[in-house]
Amino acid sequence: MSDARPKEPLEENRDRAERVLRAKYLDYCSSQIAGHLVLLSPDEIYVLAREAHRAGGRDSEPSYEQMVRLATEGVAQRLTLPTFEQWSEEYAQDPARYDEQLLGLWESELEEAPDPEADPDPN
């Protein structure tokens, strides 16, 4: 038996709304980064990744997977993305402005998260 007080429906709704809002923020940031990545030529991606790879103290050639990750990180650093707090304030004022830019990744947060206190094997 757990001494933990069950969450009130209002508190559960707030937690869920916060998770969805954070997921939308990450979705927005991902869409902004992806939008810039697709504008880069393969040569630009290589140069960006190679510079980051060397800045990390490595002289070897980065693998394809490393190049994609490094280029993504490089684009993310060069973009001026808002903090979560800034974005959530702006989103609250005009959700439509941002909703059209979302990729839909946030929708996975709509699925109910499993209850960590629930017994996975009720038998």
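Between the listed residues Ser31, His53, Tyr98, the Cα displaced farthest toward the positive end of the dipole of segment 13-108, a dipole computed from Cβ unit charges relative to the Cα centre, is found at His53.
Fully extending the segment from Glu73 to Asp15 would add 17.9 nm, taking 0.36 nm per residue of separation and subtracting the current Cα-Cα distance.
Full extension of the chain between Cys29 and Thr83 gives 18.5 nm of extra length, using 0.36 nm per residue less the Cα-Cα distance. The charge dipole of segment 13-108, taken about its Cα centre with unit charges on the Cβ atoms of Lys, Arg (+1), Asp and Glu (-1) only, comes to about 220 debye.
The numbers here are math on the coordinates, done by the rules we state, and not lab data. Note that the coordinates shown come from a computational prediction; the quantities given were computed from them, not determined experimentally. With ideal geometry, Cβ positions are generated from the backbone for all residues, glycine too; neighbour counts draw on all protein chains shown.
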